[in-house]
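Enquirer: Quick one: the structure is below, questions incoming.
The values are calculated or read from the model by the stated rules, or taken from the named source; none is laboratory data. For clarity, every value in this text was computed on a predicted model and none was experimentally measured. A quick note on method: Cβ atoms are made from the backbone with ideal geometry, for glycine too, and the neighbour counts reach across all protein chains shown. Please note that ligands, DNA and RNA were not included when accessible areas were found on the heavy atoms of the full protein model with its side chains. Shrake-Rupley method; radii C 1.70, N 1.55, O 1.52, S 1.80 Å.
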Amino acid sequence: MTIASAALLLFLILDPLGNIPVFLSLLRNLPPRRQRIVLARELLIALAVLMMFLWGGKYALELMHLRQESVAIAGGIVLFLIGIRMIFPPPEGLMGELPDGEPFIVPMAIPLVAGPSGMAAVMLMGSNEPTRLADWSLALMIAWGATAAILFSATLLYKLLGRRALTAIERLMGMLLVAISVQMFLDGLGTYLQIAAP
């Protein structure tokens, strides 16, 4: 996997366009200056969490006696469920009911930006090819930077594109995530079957 393809995968998983309506609704009661501060804080927390999973994922797997293929299969399943919810969102929204007041860590940083699928993806990258941690860090920074730029422009993008266009883009991203999740699941299953075969 190249840095560009890893960055694209992570960008799709972070789903900034799909998060625009949720972020706007969470921040609507705050003054504009405070909105930018809260958004910057939550994005930095999400980046720190993803970096922690990227660099510490290999050791976490060893500590919990989990094999890489089991994480690939679990990550594929979680990513599949999120993709399906993006294509067919429930009435209460992608992440269900959201708490009132100024958001802190939950739900903006986790799970809207640094969700379980993102954590699983970076953990797999780091544990599969630990010699390329610098490459994966760069890919994560590119995806996070693009996500941050889109979310900081959320109000403008919402006005320009409108709810319908954002919904259509989110459905398309959901379809791509479903395809990626199936591939992740099959890769993990294939590796397991190779190891299990006599």
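Enquirer: At 1.4 Å probe size, with the rest of the protein present, what percent of the exposed accessible area of the chain is carbon and sulfur atoms?
Expert: Answer for the chain: carbon and sulfur cover 70 percent of the accessible area.
Enquirer: To continue, here is another question. Could you identify which residue out of Glu42, Glu102, Glu170 has the top mean-square fluctuation in a GNM of the chain using Cα springs shorter than 10 Å?
Expert: Result: Glu102 has the largest fluctuation of those listed.
Enquirer: Now, a different point. Given a 10 angstrom Cα cut-off, can you work out which residue in Arg85, Arg171, Arg34 is the most mobile in a GNM of the chain?
Expert: Answer for the Gaussian network model of the chain: Arg34.
Enquirer: Measure off 7 Å from each Cα along the Cα-to-Cβ vector at Arg28 and Ala134, then give the distance between these two points in nanometres to one decimal.
Expert: Each label point is offset 7 Å from its Cα along the Cβ direction, giving 4.7 nm.
Enquirer: Quick one: what are the phi-derived ³J(HN,Hα) couplings along the stretch 121-127, Karplus 6.51/-1.76/1.60 with θ = phi - 60°, whole Hz, x for glycine and proline?
Expert: Rounded to whole hertz, the list is 5, 5, 5, 5, 4, x, 7.
Enquirer: Need one value: the accessible area of Leu186 in square angstrom, 1.4 angstrom probe, rounded to the nearest 10.
Expert: 90 Å²
Enquirer: Mind ranking Ser127, Ser25 by accessible surface for me, highest first, 1.4 Å probe?
Expert: Descending order: Ser25, Ser127.
Enquirer: Roughly how far apart, in whole Å, are the Cα centres of the stretch 46-89 and the stretch 131-198?
Expert: Cα centroid of the stretch 46-89 versus Cα centroid of the stretch 131-198: 12 Å apart.
Enquirer: Could you tell me how many cubic angstrom of Cα convex hull volume the stretch 138-179 has per residue?
Expert: Cα convex hull per residue, to the nearest whole number: 61 Å³.
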